[in-house]
Amino acid sequence: MSNQISPVHLASMLGDWISRTKALYRDLAARLEALVLEGDLAPDTLLPPERALAAALVVSRTTVAAAYDVLRRKRLVDTRHGSGTWVRANATAPAADSNGRAFPWPNLLRLPPLKSDPTQPDVIGLLSSDVAASSVLVEVAGSMTQRDWLTVTSDEGYCSAGLSELRVAIARDLTARGLRTSPAEILVTTGAQQALHLVSLCS
């Protein structure tokens, strides 16, 4: 049995769907497609009638009809006169651009996890952004004393400003290079993106 979604509810799920760079029906179709592929619109969900959804979105019925037609061509929905339009049970078709060329990312999600391979230490696992464990790590862990372990496990392990010992070492290195620096002036970020974001906030 199909689950029916109201026009108002679907309108709220669509959010700010208008890009203002292409035809309205294409914007609407792209957002509906994303909701289907991401599972927000579950299989067998009965979509609102064209006229009702058009009223909720304050667009023409033609816009909704054209968007539904795009979804039908991509085999994401089915329409039967007298029964309405609903999400197909096997709506797993990959996303496509305006020319109908399929994007590969939905198929990539079905591949086995790309984990790091210890035999290839330079390979990074893209799903978790990790690298294979280094023999240096095993060596360091083996040389740690009980006091060392108590130090590194005394809290949750997340230091918002960076590991204090690392900040001290960085400050010492900068001072040695001629730039007098204290650990309190050091902020260690989790990556370049975070660093660039923080810099942009300060500019």
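The values are calculated or read from the model by the stated rules, or taken from the named source; none is laboratory data. The structure displayed is predicted, hence computed values, not measured ones. Glycine also receives a Cβ, built like all others from the backbone with ideal geometry; neighbour counts cover every protein chain displayed.
Some values worked out for this structure:
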{"item": "Exclusive hit being closer than 23 Å to R20 by Cα and either under 29 Å from the mean Cα position of the chain (by Cα) or loosely packed, with under 14 Cβ neighbours inside 10 Å (or both), set R61, R51, R80", "result": "R51"}
{"item": "Candidates R88, R172 - the one that is under 30 Å from A29 (Cβ atoms), modelled with pLDDT of 60 or more and surrounded by 11 or more Cβ atoms within 10 Å (Cβ to Cβ)", "result": "R88"}
{"item": "Yes/no for A95 being surrounded by 16 or more Cβ atoms within 10 Å (Cβ to Cβ) and modelled with pLDDT of 90 or more", "result": "no"}
{"item": "Selection from the stretch 167-184 of residues that are in contact with a helix residue (DSSP H, G or I) (Cβ under 7 Å, 6 or more places away or on another chain) and of a type outside the set (V, I, T)", "result": "R167, A171, S182, P183"}
{"item": "Residue in the stretch 145-163 that is surrounded by 11 or more Cβ atoms within 10 Å (Cβ to Cβ), at pLDDT below 75 and of a type in the set (F, W, Y) present", "result": "yes"}
